[in-house]
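Structure, as structure tokens:
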């Protein structure tokens with residue numbers, strides 16, 4: 001009986017009339033898949049909100065007078081344009097005229113910044129999660145050069161890996177492996193041949 005994440009056996013034969021049971025420990029990717037799915041949904045949701053808020057902003061700016069007011073307000077704010085006391089009176093009238101759409105745009109802009117930051121952070125986390133998922137599956141393989149007796153090769157999804165089986169007695173390990181659904185896990189079950197198998201988690 002062999003249990004490992006990466007297995008290379010030169011010759012596999014029966015032991016005392018019992019098949020040689022080879023078990024590959026497949027990493028449990030469910031936590032990665034759940035996290036990746038959540039991040040993808042978060043990104044899609046944030047982008048949807050960004051699109052909706054951009055449409056609201058574009059609608060406000062579709063008023064040519066308000067669009068010009070925004071440009072002028074930014075120039076005054078930055079100091080590019082300085083207004084005289086006489087001009088200040090007219091400017092105040094413009095501010096009052098466009099107060100409502102200006103207040104709406106003032107709320108939209110910081111909200112957009114927050115959403116864009118959310119997307120960037122989620123995309124960074126997604127890249128890390130995808131990379132860690134790939135790393136978790138690296139090296140999971142089984143190679144048997146010569147099979148000269150009944151040999152069964154199966155996979156077992158494991159969260160704890162070899163450490164989870166280390167505390168068991170050999171008889172307990174074998175019983176645990178034999179109890180599992182062989183139909184879903186079996187890679188190979190023959191008394192001759194070779195095997196060269198690589199885990200594909202795509």
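The values are calculated or read from the model by the stated rules, or taken from the named source; none is laboratory data. Since the structure is predicted, the reported quantities are computational estimates derived from the model, not experimental observations. Every residue, glycine among them, receives a Cβ derived from its backbone with ideal geometry; neighbour counts consider all protein chains shown.
Structure values in brief
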| item | result |
| --- | --- |
| Enumeration of residues in the range 178-195 that are farther than 14 Å from residue 148 by Cα and modelled with pLDDT of 80 or more | 186, 187 |
| Given (1) in contact with a helix residue (DSSP H, G or I) (Cβ under 7 Å, 6 or more places away or on another chain); (2) loosely packed, with under 14 Cβ neighbours inside 10 Å; (3) modelled with pLDDT under 75, number of the condition residue 173 does not satisfy | (2) |
| Check on residue 65, assigned to a helix (DSSP H, G or I), in contact with a helix residue (DSSP H, G or I) (Cβ under 9 Å, 6 or more places away or on another chain) and surrounded by 13 or more Cβ atoms within 10 Å (Cβ to Cβ) | no |
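Results for (1) within 30 Å of residue 190 (Cβ to Cβ); (2) in a helix (DSSP H, G or I); (3) at pLDDT below 90, shown as yes or no for each residue.
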site	(1), (2), (3)
25	yes, no, yes
36	no, yes, no
55	no, yes, no
83	no, no, yes
